[in-house]
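Structure, as structure tokens:
The values are calculated or read from the model by the stated rules, or taken from the named source; none is laboratory data. Computed from a prediction, not measured in an experiment: that's the story for all the values here. A quick note on method: Cβ atoms are made from the backbone with ideal geometry, for glycine too, and the neighbour counts reach across all protein chains shown.
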Amino acid sequence: MLEADPGSFRDPASHVVFDGDRVLRLLDERGARAWESLSKTRFFNHETQSERLIRAEPLAEAPDGASAALEHPRVPFISYPWEWTFSMLKDAALLHLELLAGSLAEGITIKDATPFNIQFIEGKPVFIDVGSFEEYRRGEPWIGYRQFTRQFLFPLLLRAWVGVPFQPWLRGAMDGPTAAEMRRLLPLGKRLRPAALLHVTLQARMEERLSGTAVRGRLGAAGFDARLILANVDRLHRLIEGVDWDPDVSGWSEYRSCGHVGRDREDKAGFLEAALERHRPERVLDLGANDAYFSDIARQRGALAVAIDGDETVLDSVYRSGSAVSVALTDLTDPSPAQGWAGAERPGLVARARPDLVIAYGLIHHLIYTSSVPPSAVVHWLASFQCPLVVEFVGPDDEMVGKLTANKLHSELHPGRDEASFKDLVSQRFEVIAERSLESGTRVLWQIRPRR
Amino acid sequence: MTARLDEYGPVAVEPAHPWEGQSMIFGYLDVGSGSLILQAILGGAAGILVAFKAWKSRITGKQAVMDTTAESDEHVIAEP
């Protein structure tokens with residue numbers, strides 16, 4: 001029984017379905033013709049071998065209704081641009097431009113330009129939508145240019161030039177800011193830069209003036225050719241290569257230097273390793289991962305490790321270090337929801353992660369004291385993962401809790417915060433398999449699994 | 001990341017494969033008329049001339065239009 005990928009429906013020539021764990025791409029006649037052309041190119045062979053383009057193997061027999069079908073390796077963890085850091089979106093943008101230039105050299109183009117076509121596998125961007133490639137016809141402009149500016153360029157400029165994170169914008173509007181919106185967002189000094197004048201102001205004005213005018217055919221007749229696309233791609237590539245984000249020191253980027261972190265790290269690592277040994281998970285979710293130290297231990301044990309954190313500075317640093325840990329930027333008190341068409345096109349973060357072990361070190365006290373989540377709700381949420389967890393509980397007498405509650409009245413705090421009460425709540429839903437007190441005396445680790 | 005824009009050599013101005021009579025690149029996207037003309041300008045000096053010609057044909061009504069809406073998916077050359 002084939003199951004449609006809810007995020008793959010816009011292109012009638014190509015869409016993805018699942019056959020159990022297998023990932024198949026079904027092509028109509030047009031898509032099959034495009035695949036035939038792409039698969040013969042040196043570009044395709046080179047880029048799939050370089051693992052910048054996902055592998056695709058044609059099936060001997062296509063399912064009913066399809067002209068051809070391909071099988072792709074499964075992407076271990078799907079993430080979306082609003083969960084990416086600046087460097088991830090930048091690398092994805094550069095990859096897209098490089099693949100477009102490479103394919104054009106052999107008479108192939110990419111018909112859209114969305115970050116959803118790119119995924120990060122073992123810390124490297126990989127273009128996954130083989131169905132986006134199609135034969136280039138002389139005279140055709142780059143159909144994806146506007147989409148590229150809205151979903152790659154403008155979000156990057158928003159962060160680099162305006163200092164505003166792009167993730168909330170992309171999460172709120174998946175198509176990204178329009179040129180007109182971007183023009184209003186840019187401060188005057190930035191608006192006068194040549195790149196802004198061309199890609200933002202001029203695009204906004206021309207969109208306004210020419211809306212609804214048939215120009216696609218006129219361009220071909222006027223002599224448009226692929227060299228003009230390449231010149232634009234080259235210009236964009238240089239622009240994006242030069243765009244940088246210089247993150248401020250965040251509240252979490254110096255976390256590693258906190259006294260308790262260094263003191264407890266080896267104990268926590270040993271405790272995690274015992275849990276990994278017992279459960280042998282394939283997919284580990286590290287909540288509040290910070291520098292992904294514990295995620296990396298899970299990865300070294302052969303698991304797919306996903307490091308989730310709400311701090312872009314620390315996750316960007318993990319990504320830039322070349323770590324093979326998958327990262328996802330999200331605030332755990334407001335994680336990425338299911339969204340897009342019919343509320344199903346882009347599933348929520350937890351549904352995509354499908355963990356079989358969860359790490360929650362140094363997290364619970366922040367949920368309780370910083371975000372004011374009642375302890376009972378925290379336990380309920382931990383149970384929703386339906387898998388074993390290793391958690392760190394931090395008692396009310398801990399130095400860090402003292403800082404978090406420095407300006408809170410006792411009456412403003414939820415009950416159930418002391419170790420005995422919290423353990424009671426945990427025991428109602430979980431079986432405690434292992435327990436270890438940390439040196440501080442105010443912190444304890446639990447390995448727990450849901451009661452059957 | 002190192003720029004790898006020219007790894008595959010010069011761009012094929014004439015497509016490597018002759019797809020005469022076949023369809024245009026399939027635009028399931030809303031491409032935006034202004035963004036299309038802008039692309040010519042972004043292509044440099046040669047492109048500005050192309051943009052001017054395309055712009056002029058819009059004003060004068062003289063054009064050779066590839067009809068992207070035709071059911072047949074084939075180019076329709078119109079000389080009004």
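Can you confirm whether segment A:95-103 contains a residue that is within 23 Å of A:M174 (Cβ to Cβ), of a type in the set (G, A, S) and outside the structural domain of A:V306 (by TED's automatic domain parsing)? Within segment A:95-103, not a single residue is within 23 Å of A:M174 (Cβ to Cβ), of a type in the set (G, A, S) and outside the structural domain of A:V306 (by TED's automatic domain parsing).
The criterion of at least 2 residues that are crowded, with 18+ Cβ neighbours inside 10 Å and at pLDDT 85 or above is met by the following strands (runs of 3 or more DSSP E) wholly inside segment A:376-452: A:389-394, A:443-450. For segment A:357-372, the tally of residues that are touching a helix residue (DSSP H, G or I) at 6+ places or on another chain (Cβ under 7 Å) and part of a loop (DSSP other than H, G, I, E, B) stands at 1. Counting the residues of segment A:222-240 that are surrounded by fewer than 20 Cβ atoms within 10 Å (Cβ to Cβ) and either within 7 Å of chain B (Cβ to nearest Cβ) or modelled with pLDDT under 90 (or both) gives 5. Do the conditions hold for A:A32, that is, is it more than 20 Å from A:T114 (Cα to Cα), of a type in the set (A, V, I, L, M) and more than 14 Å from every other protein chain (Cβ to nearest Cβ)? No. Restricting segment A:11-22 to residues that are surrounded by fewer than 19 Cβ atoms within 10 Å (Cβ to Cβ) and closer than 19 Å to A:D64 by Cα leaves a set whose member that is modelled with the lowest pLDDT is A:P12. Do we find that A:L97 is more than 10 Å from every other protein chain (Cβ to nearest Cβ), surrounded by 23 or more Cβ atoms within 10 Å (Cβ to Cβ) and among the aliphatic types (A, V, I, L, M) in this structure? So A:L97 fails the test. Just wondering, is there one or more residues in segment A:42-57 that are buried (at least 18 other Cβ atoms within 10 Å of the Cβ) and touching a Gly at 6+ places or on another chain (Cβ under 8 Å)? Yes, that holds for at least one residue.
Take the residues of segment A:79-94 that are more than 22 Å from A:L285 (Cα to Cα) and of a type in the set (D, E, K, R): which is farthest from the other protein chains (Cβ to nearest Cβ)? Looking at the filtered set, the residue picked out is A:K90. Just the residues that are among the small types (G, A, S) and not in a loop (DSSP other than H, G, I, E, B), please, taken from segment A:1-27. Result: A:A4, A:S14. Only one of the numbered conditions (1) surrounded by 13 or more Cβ atoms within 10 Å (Cβ to Cβ); (2) more than 23 Å from the chain's Cα centre (by Cα) is violated by A:S371, and that is (1). Within the option set A:L156, A:L99, A:L94, being within 30 Å of A:D21 (Cα to Cα) and among the aliphatic types (A, V, I, L, M) holds for one residue only, A:L99. Any residue at all in segment A:391-405 that's under 28 Å from the mean Cα position of the chain (by Cα) and within 19 Å of A:D286 (Cβ to Cβ)? Within segment A:391-405 (the criterion being under 28 Å from the mean Cα position of the chain (by Cα) and within 19 Å of A:D286 (Cβ to Cβ)), the answer is yes, since at least one residue qualifies. Regarding segment A:179-189, can at least one residue be identified that is within 19 Å of A:A93 (Cβ to Cβ), within 27 Å of the chain's Cα centre (by Cα) and in contact (Cβ under 8 Å) with a residue 40 or more places away in the chain? No; the residues of segment A:179-189 include none that is within 19 Å of A:A93 (Cβ to Cβ), within 27 Å of the chain's Cα centre (by Cα) and in contact (Cβ under 8 Å) with a residue 40 or more places away in the chain. Here A:L158 fulfils each of the conditions (1) more than 13 Å from chain B (Cβ to nearest Cβ); (2) in contact (Cβ under 8 Å) with a residue 60 or more places away in the chain; (3) farther than 27 Å from A:D5 by Cβ apart from (2). Selection of segment A:224-244 for residues being part of a loop (DSSP other than H, G, I, E, B) and touching a residue at least 24 places away in the same chain (Cβ under 8 Å) yields A:F224, A:D225, A:V243, A:D244. Scanning for something closer than 21 Å to A:P450 by Cα, under 15 Å from the mean Cα position of the chain (by Cα) and surrounded by 20 or more Cβ atoms within 10 Å (Cβ to Cβ), does segment A:353-363 turn up at least one residue? The answer is yes; a qualifying residue exists.
Remark: pairs (first residue in segment A:355-368, among the charged types (D, E, K, R); second residue surrounded by fewer than 23 Cβ atoms within 10 Å (Cβ to Cβ); Cβ separation under 8 Å; 6+ apart in sequence or on different chains) = A:D356/A:H279; A:D356/A:P281; A:D356/A:E282; A:D356/A:R283; A:D356/A:C387; A:D356/A:P388.
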